[in-house]
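Input: a single structure, listed below in structure tokens.
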Amino acid sequence: MPFSDLRAFIAHLERSGNLLRVKTEVDPRHEIAAYIRKTSDTRGPALFFERVKGYDMPVVGGLYAHRRLMLEALDADNAGAVATYIEALDNLLDPHRLACAPCQEVVLEGPAADLRTFPFSIYSTRDRSPFITGGVVISRDPEDGSKNASIYRVEVKGARHLGVLAEPPHHLGVHIQKAQALGRPLEVAIALGAAPAVLIATQWQAAYGVDELTLAGGLLGTPLDVVRGRTVDLDVPATSEMIIEGRIMPGIREPEGPFGEYTGYYTEVYPKPVIEVTAITHRRTPIVQAVLTGMPTTENHVLKMIPFEASLYAMLKPRFPGVQAVHFPGAGGVGLFAAVAMRPRAPGEARAVLATILSTQEPKLAVAVDDDVDIFDLEKLMWAVCMHAQADRDLLMIPQLIHWQLDPSVLDRKLGAGLGIDATRPWGESFGDLVTVPGVERVPDLSISPPAR
Ligand code: MN
């Protein structure tokens with residue numbers, strides 16, 4: 001990935017006509033979120049908010065509002081993005097520690113560190129507080145010292161007071177649980193406005209104990225520069241716009257939420273760990289990155305797509321060489337719905353692929369189609385389901401499976417279920433000819449330029 005920091009990616013998006021500068025004043029209470037919602041729903045540009053009501057700092061949002069913008073970050077097409085990610089997984093690089101770094105140009109400790117002086121957004125209608133949604137939370141296992149870096153939602157509750165949702169088996173949740181059992185505080189650092197490679201690396205479903213920042217190095221093709229925190233013994237990405245350092249105290253739980261989540265529904269309020277902030281460091285002129293989640297598809301969903309696809313593809317391909325591509329559509333929140341394009345080599349192989357997907361990466365819906373179907377186009381995917389599958393012949397249901405934590409349909413049951421649909425054409429049967437129109441590729445570009453603003 002070519003971008004060493006957020007600013008380089010913003011500059012690239014602007015040069016390539018993928019970034020709009022919003023010059024009217026916007027309110028971080030819902031209004032920034034509304035702009036990002038709109039650009040997400042209309043496949044519009046990323047947004048740079050120059051004037052934020054009540055603050056003297058700009059906000060950038062919707063950087064990955066749709067998949068095309070993520071492919072810009074990876075400098076790849078759909079197939080190339082998955083290949084890039086898999087190659088990086090095979091070339092993990094330990095971070096490289098610098099003595100000083102841009103993210104510490106300004107250091108605020110004690111009362112000078114005040115979260116209320118930064119334009120964190122309030123997103124969805126029922127959210128009561130600002131949330132930090134694109135923060136990479138870095139921590140270490142208090143027993144074996146192994147590292148974790150992943151995005152967790154963080155509620156801004158006061159000047160130096162944050163709530164965090166991170167429960168086992170999520171790795172930060174395990175760290176919190178272990179520190180609690182030891183009766184010790186857990187140090188954390190939250191990196192905001194990190195390079196695209198850092199954000200996408202944190203969405204890797206890495207094994208416990210594996211440092212996701214080594215994948216950021218793999219993606220960059222060079223070790224990720226890090227710097228030691230000022231008040232915590234943790235290394236943070238050097239080119240981040242801002243770092244929040246703090247400690248999670250054992251035994252303290254406070255209500256957190258509600259918050260509009262990636263399922264398109266709110267999660268309810270219940271007691272969760274809190275972070276006591278010990279320092280805030282930032283660049284001299286920081287850019288605050290807003291990341292919207294909620295009803296699919298948003299940048300929160302897009303961030304997960306390619307990491308999830310790469311790990312599923314890498315898992316399936318050696319066993320089922322006929323698998324050509326996989327996709328986690330936004331419709332399933334990226335996780336609950338997997339699509340696979342394949343060339344079955346034997347009757348029943350598509351069902352074997354579906355059973356494998358349902359029992360490993362645990363989507364609740366998996367669909368297999370022939371590899372001439374564009375699985376990135378939901379309409380074509382459902383066309384294949386409608387024209388190639390029959391309910392009595394092509395469904396596969398696995399009851400009593402692990403389910404996604406926030407799946408609103410699980411209710412009070414402990415377990416979910418997986419549905420597979422084999423929408424590959426019936427094995428070995430003649431299926432007639434696809435209807436096409438000749439010469440479409442020779443028709444000139446038909447787009448009409450929009451009227452001047
Ligand atoms: Mn981890």
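The values are calculated or read from the model by the stated rules, or taken from the named source; none is laboratory data. Since the model is a prediction, treat every value here as computed from it, not as a measurement. Positions of Cβ are generated from backbone atoms using ideal geometry, with glycine treated the same way; all protein chains shown enter the neighbour counts. Ligands, DNA and RNA are stripped out before the accessible areas are found, and what is left, the full protein with its side chains, is counted by its heavy atoms. Shrake-Rupley method; radii C 1.70, N 1.55, O 1.52, S 1.80 Å.
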- May I ask you to derive the relative contact order of the range 205-306, considering only C-alpha pairs under 8 Å and at least 6 residues apart, and to give it as an integer percent? 22 percent
- Note on the structure: About its Cα centre, the chain carries a charge dipole, from +1 on Lys and Arg Cβ atoms and -1 on Asp and Glu Cβ atoms, whose size in debye to the nearest 20 is 800 debye
- Remind me, relative contact order of the range 355-418 in percent, using alpha carbon pairs under 8 angstrom and six or more residues apart? 37 percent
- Message: Under the √(5λ) rule applied to the eigenvalues of the Cα gyration tensor, what semi-axes describe the equivalent ellipsoid of the range 198-291? Give them in Å, descending.
- Response: 26, 19, 16
- Remind me, relative contact order of the chain in percent, using alpha carbon pairs under 8 angstrom and six or more residues apart? 15 percent
- Query: For the range 323-443, what is the percent of antiparallel DSSP beta bridges, rounded to the nearest 5?
  - Reply: 45 percent
- Query: So which trypsin sites (Lys or Arg not before Pro) in the range 310-392 pass both tests, a DSSP loop state and at most 15 other Cβ atoms within 10 Å of the Cβ?
  - Reply: R319, R345
- Item | Heavy-atom surface of the range 180-284, accessible at 1.4 Å and reported per residue (Å²) | 32 Å²
- Inter-probe distance in nm under a simple model that places probes 7 Å from Cα toward Cβ, at S409 and T24: 3.9 nm
- Query: Computed over the Cα atoms of the chain, what is the convex hull's projected area averaged over all directions, in nm²?
  - Reply: 23.4 nm²
- Task: For Q400 and E105, compute 0.36 nm times the residue count separating them, minus their Cα-Cα distance, and round to one decimal in nm.
- Result: 101.0 nm
- Task: Rounded to whole Å and sorted largest first, list the principal axis extents of the Cα atoms in the range 338-453.
- Result: 54, 50, 21
- Note on the structure: In the chain, taking the dipole from +1 charges on Lys and Arg beta carbons and -1 charges on Asp and Glu beta carbons about the Cα centre, the listed residue (A159, P130, I86) farthest towards the positive end is A159
- Query: Relative to a virtual label point 7 Å from the Cα of E254 in the Cα→beta-carbon direction, which members of the range 101-127 show backbone nitrogen distances below 14 Å?
  - Reply: 115-116
- Query: Quick one: Karplus J couplings for the range 192-206, per residue in order, coefficients 6.51, -1.76, 1.60, θ = phi - 60°, nearest Hz, x for Gly and Pro?
  - Reply: 10, x, 7, 4, x, 4, 6, 4, 6, 5, 5, 8, 5, 7, 6
- Message: Using only the alpha-carbon atoms of the range 1-129 as identical scatterers, what base-10 log of I(q)/I(0) does the Debye formula give at q = 0.18 Å⁻¹?
- Response: -1.13
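So if each residue of separation counts as 0.36 nm, and I subtract the Cα-Cα distance between V440 and D114, what length gain in nm does that give?
111.5 nm is the gain from fully extending V440 to D114.
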- Taking the Cβ of V106 as the centre, find all other residues whose Cβ is under 9 Å away and add up their charges (Lys, Arg: +1; Asp, Glu: -1). +1
- Carbon/sulfur fraction of accessible area - the chain, other protein chains in place, 1.4 Å, %: 55 percent
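Report Rg/Rh for the range 173-212, rounded to two decimals, where Rg is the Cα radius of gyration and Rh the Kirkwood radius.
Computed over Cα atoms, the ratio is 1.06.
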- Task: Largest first and to the nearest Å, give the Cα extent of the range 198-355 along each principal axis.
- Result: 61, 41, 32
- Using every alpha carbon pair in the range 102-171, what percent of pairs falls into each 5 Å bin from 0 up to the bin containing the largest distance? 3, 13, 19, 22, 20, 14, 7, 2, 0
- Message: Between R184 and R51, how high is the FRET efficiency from 1/(1 + (r/R0)^6) when r is the Cβ-Cβ distance and R₀ = 45 Å? Nearest 0.05.
- Response: 0.55
- Item | DSSP-assigned coil residues among GluC sites (Glu not before Pro) in the range 185-294, each with at most 16 further Cβ atoms within 10 Å | E268
- Message: Can you list residues from other chains, or at least 5 along the same chain, whose modelled amide H is less than 5 Å from the amide H of V154?
- Response: I132
- Pairs from K304/K414; K272/K414; K272/K317; K317/K414 whose Cα-Cα separation, in the structure shown, is over 28 Å: K272/K317; K317/K414
- Task: Could you state how much accessible area R160 has, in square angstrom rounded to the nearest 10, with a 1.4 Å probe and all protein chains kept in place?
- Result: 80 Å²
- Pull up the cross-link candidates among the lysines for K23, meaning alpha carbon to alpha carbon under 27 Å and not fewer than 8 places away within one chain. K38, K53
